[in-house]
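Take a look at the structure below.
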Amino acid sequence: MVRTTVFKQFCKKNDKLEERIECLKKDLENDPENISKLKELAVIYHFVKEDEKAIEIYKKLVKLVPDEADMLAFLGYLYYETDHLEEAIECLNEALDIDSSAAFVFFLLGNAYSRAGQIREAVDAYDFAIFLDLDMYKAHLDFALKYEEMGRHKKALKEYIAAYEIDSRDLKIKKKIDELETQIK
């Protein structure tokens, strides 16, 4: 499930991520099409803010397993993260052609359309996500926590604000927004 991949976490204090990257790269020299090791390497690259490397790996994965919706969806997500919105929209739509019941992918597609200024398409994608029972509030909070864990505080702030706009009753979120705004300044 792409949501699990997107929100996979690594310990920030884990000094062994570089070692794990080197180990995976070495293993892949002998087995360059090992799907699980390629996925792990790409997710680690994403976590350490080397999204372009993660994209290259996922482009390879999509070629190796072209009909797997999660592969296309995560590639679309990586494109979204790097502001390659046209490519993100294309991959996310291709993923939905394979699995039209993926609520989280509709949410990601809505985000990509929104950022690209295609508001009508964004609303349609969000409507499908809601219809499929995605909790938009929780999705924004999940992204906020993920970005915070990765040290991407400006992105975390945007996600907290989006969640707060959906439900402004949670004072902990308002406090978190204030803290991040202070920290960013």
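In the range 60-185, taking the dipole from charged Cβ atoms about the Cα centre, the farthest positive-side position among ALA144, VAL65, PHE128 is held by ALA144.
Between LYS138 and LYS174, what's the calculated FRET efficiency when r is the beta-carbon distance and R0 is 25 Å? Round to 0.05.
Numbers: r = 17 Å, r/R0 = 0.69.
That gives a FRET efficiency of 0.90.
3J(HN,Hα) couplings calculated from phi for the range 130-144 with the Karplus curve 6.51 cos²θ - 1.76 cosθ + 1.60 (θ = phi - 60°) are, in sequence order, 5, 4, 8, 6, 7, 8, 4, 4, 5, 4, 5, 5, 4, 5, 4 Hz; Gly and Pro show x. Phi angles of the range 86-96 translate, via the Karplus equation with coefficients 6.51, -1.76, 1.60 and θ = phi - 60°, into HN-Hα couplings of 4, 5, 4, 4, 4, 5, 5, 5, 5, 4, 6 Hz per residue; Gly and Pro are given as x. For the range 165-181, 3J(HN,Hα) computed residue by residue from phi via the Karplus equation (6.51, -1.76, 1.60; θ = phi - 60°) reads 5, 6, 8, 8, 7, 7, 5, 5, 5, 4, 5, 5, 4, 4, 4, 5, 4 Hz, glycine and proline entered as x. For the chain, the relative contact order comes to 15 percent (Cα pairs under 8 Å, sequence separation of at least 6). Expressed as a whole percent, the accessible area of the range 64-144 that falls on carbon and sulfur atoms is 49 (1.4 Å probe).
Relative contact order of the range 40-110: 24 percent, from C-alpha pairs under 8 Å at least 6 residues apart in sequence.
Residue-normalised convex hull volume from the C-alpha trace of the range 138-185: 58 Å³ per residue. The calculated FRET efficiency for the pair LYS16 and SER36, based on their C-beta separation and a Förster distance of 22 Å, comes to about 0.75. If the chain linking ARG120 and GLN183 were pulled fully straight, counting 0.36 nm for each residue of separation and taking away their Cα-Cα distance, it would gain 19.2 nm.
With a 1.4 Å probe and all protein chains left in place, how much accessible area per residue does the chain have, in Å²?
Per-residue accessible area for the chain comes out at 55 Å².
Taking a ≥ b ≥ c as the square roots of the Cα gyration tensor eigenvalues, with a/c under 1.5 meaning rounded and otherwise prolate when a/b beats b/c, else oblate, which class fits the range 94-185? Since a/c reaches 1.5 and a/b is larger than b/c, the shape of the range 94-185 is classed as prolate. What shape does the chain take by its C-alpha gyration tensor, where a ≥ b ≥ c are the square roots of the eigenvalues and a/c under 1.5 counts as rounded, a/b above b/c as prolate, and the rest as oblate? The shape class here is oblate.
Around the Cα centre of the range 77-185, unit charges on the Cβ atoms of Lys, Arg, Asp and Glu (plus for the first two, minus for the last two) sum to a dipole of about 740 debye. Report summary: the helix-based calculation at 222 nm, which adds -39500 (n - 2.57) for every DSSP H run with n ≥ 4 and divides by the residues of the chain, gives -24500 deg cm²/dmol. Counting only residues 5 or more places away or on other chains, whose amide H sits under 5 Å from the amide H of HIS84 once H atoms are built in the peptide plane? So HIS84 has HN proximity to no qualifying residue.
When the Cα positions of TYR113, ALA163, GLY76 are compared along the charge dipole of the chain, ALA163 comes out farthest toward the positive end, with charges on each C-beta of Lys, Arg, Asp and Glu.
The charge dipole of the chain, taken about its Cα centre with unit charges on the Cβ of Lys, Arg, Asp and Glu (plus for the first two, minus for the last two), comes to roughly 880 debye. Among GLU19, GLU52, GLU81, the residue with the largest mean-square fluctuation in a Gaussian network model of the chain, with springs joining Cα atoms closer than 10 Å, is GLU19.
The values are calculated or read from the model by the stated rules, or taken from the named source; none is laboratory data. Just so you know, these numbers come straight off a predicted model, no measurement behind them. Neighbour counts are summed over all protein chains in view; Cβ atoms, including those assigned to glycine, are modelled from backbone coordinates with ideal geometry. The protein model used for the area step is the full one, side chains on, heavy atoms only, and it has no ligands, DNA or RNA in it. Shrake-Rupley method; radii C 1.70, N 1.55, O 1.52, S 1.80 Å.
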